[in-house]
Amino acid sequence: MKGISVSKNKVVIFGYGNHGKFIAKGLQNDGFDITIIESDKNFYKDAKSDNFEKIFLIDVLKDDELKKVDLDVYEQLVCVMDDEHLNVFLTLSLRSLFKDSYILSISDSLNVTKKLKMAGADKVIDLYEVSANKIYNILDRPVATRLLEGFVGSQDGITFKEMIIPEGSFLDGKMADDVDFSKYDVLLVGMIDEEISHSFFFVTTGIEHKLDSGDTIVCIGLKDKLEDFSEEIKKTENKI
Amino acid sequence: MRDKLLLLVLSLHRSQKYKTYKQFARNILFDEENVYKRYFDLTIIFLVISSVMILVYEVKYPVPQWLDNYDIYFVSFVFAIEYLLRLWVYNDLSEIIIAEYNDARFLQKDFNIYSALKTGLSQKLKYVFTPSAIVDLLAILPAYRPLRILRVFILFRVFKLLRYTKSINQFIDVLVNKKFELLTLLFLLLFIVFTSGIAIYILEAEKNVNIDTLFDGIYWAVVTMATVGYGDISPVTDIGRAISILIIISGIAMISFVTSVIVSAFSERLNELKDNRIVEQMNKSRSFLIICGYGQLTKMFFRQNRKHIENYVIMDSDISRVEAAKKDGYTIMHDNASSFETLNRFDTKNCDITLLCMTASDVENIYITLNAKSISRKIKVIARVNDPLNFDKFNYAGADETLMPGKVANTMIYTAITQPTMYKAVHAILTGKSIANIDEIHVHHSHGIVGFQIKDLDFKSSKLLFIGIQRGDEFIFNPPSSEVIQPYDILLVMGRKISLEYFKSMHEGNISVKK
């Protein structure tokens, strides 16, 4: 139910080590269709005992074996092997084999990040960069950081939600500024206006936006208030 | 007489006013924090410099009477007062007497005020013989007119300036450390100077017109030995020249020896001196970061250069990493943050210290956390936890914030997969991209917006999104528009950097416009 679009629900995770475990479990809880690929027997066993269905034990260094797993149907390939060298090599192999897939890799230093980018990863997340960022934020603006933590971390508390404005909603056709979101205890942070482009706008950029059905709006608020609001916008009339 | 003295001491002891005055004098002389100390110091420095300038000027030119009076009486008078003040605050005479009086009463024996007075005064006498006190005293002497030779003592006023330079003290410190070597050399030097001085006197006093007294001989020995060789006195006999050859050679050897001793003493302590300098600078800055470990995380931390991180010092016990950091241009100390002495050098009482434990070892990080917390609870500790199993231990150790690089990265990857659009937004906010900044407005008690209602602050027209208020430990999300802003609230707003800056500058301090 949390899915953004159906096609993105198919994810391959390479590596069931430190990072793979956490990500795989989280994704499974959210109802993603995940496949795990490991080349290490022990990690393979771990994955088995954690009740994952689609697990492959293959040598990721060999292109033939990678080709056998039909990776074209997957939207996202996530490389989170514990060994950095393997990760870079794997990213390179995947890019050369599957030109159109979306590859996400983890890195543990600047040099590796550069290599991964060169190898063709679409997104690289630097282990230490995000942490360093966090420390910086804790020092610089502690309250805001705690709030942001909630956005990406915990399941309760104040969080983000993306909602698509349904057909016939009372929001349809209104200007973003004219709607009093705070009445519903949620705040509009930004939106994807399908009329203009597919990219994300923050409300604070100061550009007037017209809400149309089909647009994606992003709100923050308490989790249940957000749920309520996403029900509310399906209604045609603004009752409250 | 005795009773009168005791009565006087008792009244001083009880007088609050007396104590305040004494404390004030103490602060002005010693307390770096005191606002007046700065002015006091500047005055003294000005007096010293002007006094020396007058001394130099009057060698060749006549000095007006008022300037001479200023130099001799006013400056000396101020210095005399300073001297007496220092003597006064050095110890508490009355307290010593009172303490002995109480002891005597307790033991029911006769109280002898003079013995107590003696203890106190002998302490003061001890102060009188410290180098700085002697310099102070000599600086007053030129005021005594009849002895013109005392004018030269004005130069001692320059020595008063030494109080304000730390490097001289460090230099002396280094020399004291090499006391043994330097003293040995000094004795050897004296031995050679005297023997050759006496020898030249005995051998040449008759034949050499330039050598009249023993002093001439010793003077010649020193000048020759130091390889200065003015040439006003030179040996005329063969044997005299032979002695010259000997002391010139030994002189060269000796001087190079002294130089090398001093140089090696300095290079030994150079790092320590540098570290001292860093610690001093940090303590002066009042609020700073101590970063333990120069690893990946620390490097990354410094790459987040959205705002320049100014007051920080890195510490690492690994010399190769210290070298690397120095090469990269960071302030680093080669020291072990887990030792009590290292952290205790920082002014933990008066400074806001934030300690970042960023080493790759949990054992090390926990130890540093405990060490910091044992020195002062005030030190804020942000610790890196490498193994999630150790998380609780860090909380027990008292870390204020903990952070697991693995977990943070995992969450980010997870968000990137599940909410790709959001990931961009969150990432933009986290990294403080200019379009979307979440920032805090800290409302201090005299802030312009205290007492305003939320609806009065037109966030919308400032292009800001108001998210909520942090009040104490509570976070109020989207408070009603009638909510009144209280002092010490932290307002959380989102928006472009320029909007935030503008909003802040608009409301900063305009106390009068209250609704």
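The values are calculated or read from the model by the stated rules, or taken from the named source; none is laboratory data. Because the structure is a prediction, the values reported are computed rather than measured. Note that we place each Cβ from the backbone using ideal geometry, even for glycine, and neighbour counts take in every protein chain shown. Calculation scope for accessible area: heavy atoms of the full protein, side chains included, ligands and nucleic acids excluded. Shrake-Rupley method; radii C 1.70, N 1.55, O 1.52, S 1.80 Å.
Yes/no matrix, rows are residues, columns are (1) in a helix (DSSP H, G or I); (2) surrounded by 21 or more Cβ atoms within 10 Å (Cβ to Cβ); (3) at pLDDT 75 or above:
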position: B:Gly406; (1), (2), (3): yes, no, yes
position: B:Ala409; (1), (2), (3): yes, yes, yes
position: B:Ile413; (1), (2), (3): yes, yes, yes
position: B:Ala416; (1), (2), (3): yes, yes, yes
position: B:Thr421; (1), (2), (3): yes, no, no
position: B:Ala425; (1), (2), (3): yes, yes, no
position: B:Ala428; (1), (2), (3): yes, no, no
position: B:Ser434; (1), (2), (3): no, no, no
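Let's see how each residue does on (1) of a type outside the set (A, V, I, L, M); (2) within 14 Å of chain A (Cβ to nearest Cβ); (3) surrounded by fewer than 16 Cβ atoms within 10 Å (Cβ to Cβ):
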residue: B:Cys292; (1), (2), (3): yes, yes, no
residue: B:Ile309; (1), (2), (3): no, yes, no
residue: B:Asp318; (1), (2), (3): yes, no, yes
residue: B:Ala324; (1), (2), (3): no, yes, yes
residue: B:Lys327; (1), (2), (3): yes, no, yes
residue: B:Phe340; (1), (2), (3): yes, no, yes
residue: B:Asn344; (1), (2), (3): yes, no, yes
residue: B:Asp352; (1), (2), (3): yes, yes, yes
Hey, does the range A:32-41 have a residue that's closer than 20 Å to A:Ala119 by Cα and surrounded by fewer than 19 Cβ atoms within 10 Å (Cβ to Cβ)? no
What's the number of the condition B:Thr359 fails, among (1) among the hydroxyl-bearing types (Ser, Thr, Tyr); (2) within 11 Å of chain A (Cβ to nearest Cβ); (3) assigned to a loop (DSSP other than H, G, I, E, B)? (2)
Say we look at the range B:362-371 and pick out the residues that are in contact (Cβ under 8 Å) with a residue 40 or more places away in the chain and more than 14 Å from chain A (Cβ to nearest Cβ); which of these is least open to solvent (accessible area, probe 1.4 Å)? B:Ile368
If you take just the helices (runs of 4 or more DSSP H) that sit entirely in the range B:209-318, which of them hold at least 3 residues that are basic (Lys, Arg) and under 28 Å from B:Asn169 (Cα atoms)? B:238-285
Going by the conditions given, is A:Ile217 open to solvent by less than 30 Å² (accessible area, probe 1.4 Å), within 13 Å of chain B (Cβ to nearest Cβ) and modelled with pLDDT of 70 or more? yes
Out of all the residues in the range A:157-177, which are within 14 Å of chain B (Cβ to nearest Cβ) and not in a strand (DSSP E or B)? A:Gly157, A:Ala176, A:Asp177
Testing A:Lys25 on (1) at pLDDT 80 or above; (2) at the interface with chain B (Cβ under 10 Å from one of its Cβ atoms); (3) over 16 Å from A:Val73 (Cβ atoms); (4) open to solvent by less than 70 Å² (accessible area, probe 1.4 Å), one condition comes back false. Which one is that? (4)
Pull out all pairs, ordered by first then second residue, where Cβ-Cβ is under 6 Å, the residues are six or more apart or on different chains, the first lies in the range B:3-15 and is closer than 15 Å to B:Asn102 by Cα, and the second is modelled with pLDDT of 80 or more and of a type in the set (S, T, N, Q). B:Val9/B:Ser94; B:His13/B:Ser94
The residue that is least open to solvent (accessible area, probe 1.4 Å), considering only those in the range A:78-107 that are over 14 Å from A:Lys123 (Cα atoms) and within 12 Å of another protein chain (Cβ to nearest Cβ), is A:Glu84
Please indicate, with yes or no, whether at least one residue in the range B:380-395 is open to solvent by 60 Å² or more (accessible area, probe 1.4 Å), under 25 Å from A:Glu129 (Cβ atoms), touching a strand residue (DSSP E or B) at 6+ places or on another chain (Cβ under 7 Å) and of a type in the set (Lys, Arg). yes
Tally time: how many residues in the range B:243-286 are open to solvent by less than 60 Å² (accessible area, probe 1.4 Å) and over 30 Å from B:Phe194 (Cα atoms)? 10
Within the range B:233-252, the residues that are among the polar types (S, T, N, Q) and closer than 26 Å to B:Leu185 by Cβ are B:Ser244, B:Ser250
